[in-house]
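*Asks:* Just dropping this structure here.
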Amino acid sequence: MEPNATDCVPDSLRFWFVVHFAVDIAFAMPLLLAPEWPLPLLGWRCVDPVSSRLVGAAMMASAGHRCWSTRQAPGSSARCST
């Protein structure tokens, strides 16, 4: 039987994908919804809402990719090279 994509990812790496997903979502949502609120708390004096929303969107895309890659269906194009 040929190994599928879920056999190639160790459980520890799968755990860190979930942690990375949660951290990305936790930081991306405030940047997308109200960037003027969290950035001054971190020491930013001048906040550009467009660029901070772009960073938030990139973090959401990264989180979505992590979520998608850990739940990839068997029989997909990602295969082990064993």
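*Asks:* How many residues does the stretch 14-44 contain that are among the small types (G, A, S) and assigned to a helix (DSSP H, G or I)?
*Replies:* Counting residues in the stretch 14-44 that are among the small types (G, A, S) and assigned to a helix (DSSP H, G or I) gives 3.
*Asks:* Specify the residue that is farthest from S51 (Cα to Cα); the eligible residues are those in the stretch 18-40 that are β-branched (V, I, T) and in contact (Cβ under 8 Å) with a residue 12 or more places away in the chain.
*Replies:* So the residue we want is V18.
*Asks:* Does the stretch 4-25 contain any residue that is of a type in the set (S, T, N, Q), in contact with a Lys or Arg (Cβ under 6 Å, 6 or more places away or on another chain) and modelled with pLDDT under 75?
*Replies:* Looking for residues that are of a type in the set (S, T, N, Q), in contact with a Lys or Arg (Cβ under 6 Å, 6 or more places away or on another chain) and modelled with pLDDT under 75, one finds none in the stretch 4-25, hence no.
*Asks:* Surrounded by 11 or more Cβ atoms within 10 Å (Cβ to Cβ), assigned to a loop (DSSP other than H, G, I, E, B) and at pLDDT below 80, is that true of R79? Before the answer, list the steps.
*Replies:* Details: surrounded by 11 or more Cβ atoms within 10 Å (Cβ to Cβ): yes; assigned to a loop (DSSP other than H, G, I, E, B): yes; at pLDDT below 80: yes.
Criteria met by R79.
*Asks:* Is it the case that the stretch 31-43 has a residue that's in contact with a His (Cβ under 9 Å, 6 or more places away or on another chain) and modelled with pLDDT of 85 or more?
*Replies:* In the first step, residues of the stretch 31-43 are kept if they are in contact with a His (Cβ under 9 Å, 6 or more places away or on another chain); the result is none.
The answer is no, given that none of the residues of the stretch 31-43 is in contact with a His (Cβ under 9 Å, 6 or more places away or on another chain) and modelled with pLDDT of 85 or more.
The values are calculated or read from the model by the stated rules, or taken from the named source; none is laboratory data. Small disclaimer: the values here were computed from a predicted structure and weren't measured. For neighbour counting, all protein chains shown are included, and Cβ atoms are generated from backbone atoms with ideal geometry for every residue, glycine included.
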